[in-house]
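Nothing in this text is a laboratory measurement; each read-out follows from the coordinates by a stated rule. A quick note: this is a predicted structure, and the numbers were derived from the prediction, not measured. Neighbour counts run over all protein chains shown; Cβ positions are idealised from the backbone, glycine included.
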Amino acid sequence: MRLLVTGGAGFIGSAVIRQVIAETDWSVVNCDKLTYAGNLESLAAVDQNPRYRFEKVDICDAPEVTRLFAEHQPDAVMHLAAESHVDRSIDGPAAFIETNVVGTYTLLEAARAYWKSLSSDRQQAFRFHHVSTDEVYGSLGPEGLFHETTRYDPNSPYSASKAASDHLVRAWNHTYGLPVVVTNCSNNYGPYQYPEKLIPLMIQNALAGKPLPVYGKGENVRDWLFVDDHASALRTVLANGRVGETYNVGGNSERTNLQVVHTLCALLDELRPDSPFAPHANLITFVADRPGHDLRYAIDATKIRDELGWTPRETFETGLRRTIEWYLNNQGWCERAVAGRYAGERLGLSTPSKS
Ligand code: NAD
Ligand code: TDX
């Protein structure tokens, strides 16, 4: 099996590639533009492996994407390349429209032309796997779960751009017969996540004794999934998912943001008892809310469990401990990831668009 992964230098894509190289005999081509979020250091464990190749390509670059298909002859595409941070989408939506919508369209068109050129056996076996988010379903109240049939209701520029891309993928299946599968996953956490997202930002700030900025009252709920569990779900759907279907992926781990930050602070107190900043919960600071902040996400992952036998391995507590230990042991990765790019400043307060 030859797999073309887009966005493989990012948080989830690199987890997928490390897992695929370690646990299968597949070959992987990683197509990534290397934006601020792309980091080849996250692939150090595989970059000498003969089954791994890196191509620095922007998915919006149609001739280059066409070349990738011709040159590497993939049996499947797993599409993760995206602008992924909600706060950045509020400050500057253009890059989100460009990569998430136009980029997905460009990739679909190149995939379709390539797929049409394959023998009928290879056409049947081919898969275009689009990796998406639960945020396309909008916001839940205190009750209920997102199902695969939940109406799309995206609220942020990020989630609207992902919803648009989901619709394009669905249409390329319906109209052209391209064999697609789609997954919509809840919030991931784990090693190698860019320190702009809640959990790694809080870890980095706590270690530096900086305030831990909780938006609003910290009552918003997310359904957390350890990144390696997401990677295994993606492999499961790619291998066994039914063409044209959507699978929701979630961790059955709903927590308010305030619960997440308190749990994280308690673990840091335990792992760094001599820190001058312990108890770290004293650093918690309530700050202005995110504009349009979705209240609650929660996934019904019954379909992927019952049809494909996937369930997560980590609980939130075991996964968070592993994550914090990884960040404590990999401060160099964090420092290099943000150097000259991001100083931990507040994003997403709708300051004038940089685009
Ligand atoms: P990330 O921001 O860590 O990584 C994105 C990667 O895509 C980076 O390596 C970046 O360089 C690359 N990229 C961006 N624009 C590109 C372009 N035009 N061409 C080629 N490469 C480009 O994101 P992530 O958290 O790993 O998310 C990966 C995917 O999973 C995204 O599609 C995201 O919407 C989806 N997702 C993320 C989460 C989450 O909690 N992080 C949850 C559900 C779904
Ligand atoms: O400093 C912060 N303080 C805070 O209270 C940050 C960065 C976030 N938050 C809140 C906002 C959210 O309610 O924490 C929650 C999680 O925020 P993010 O880490 O920015 O994630 P979220 O907005 O939920 O989106 C994530 O999950 C779904 C990913 O970034 C998306 O790519 C994915 O699709």
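Structure remark: mean-square fluctuation, Gaussian network model of the chain, C-alpha springs under 10 Å; the largest value among D274, D134, D91 belongs to D274. Protection proxy ranking, highest mean first, for peptides 299-309, 29-39: 29-39, 299-309, where packing is the per-residue count of other beta-carbon atoms within 10 Å, averaged. Once both labels are positioned 7 Å from their Cα atoms along Cα-to-Cβ, the gap between W326 and D61 label points is 2.9 nm. A simple packing score, the average count of other Cβ atoms within 10 Å per residue, orders the peptides 178-184, 289-295, 56-62, 250-256 as 178-184, 250-256, 56-62, 289-295, with the highest score first.
Spin-label model, K217/A343: points 7 Å from Cα along the beta carbon direction are separated by 3.4 nm. Each label was represented as a point 7 Å from its Cα along the Cα-to-Cβ direction; for R336 and Q124 these points are 4.7 nm apart.
Over the stretch 138-295, Cα pairs under 8 Å with separation of 6+ residues give a relative contact order of 31 percent.
In the chain, helical runs assigned H by DSSP with n ≥ 4 each contribute -39500 (n - 2.57); averaged across all residues and rounded to the nearest 500, the mean residue ellipticity at 222 nm is -12000 deg cm²/dmol. Using a cutoff of 8 angstrom between alpha carbon atoms and counting only pairs six or more residues apart, the relative contact order for the chain works out to 19 percent.
In terms of its C-alpha gyration tensor, the stretch 160-214 comes out prolate, because a/c is 1.5 or above and the ratio a/b outweighs b/c. Comparing A266, A339, A164 in a Gaussian network model of the chain, where Cα atoms under 10 Å apart are tied by springs, the biggest mean-square fluctuation is seen for A339.
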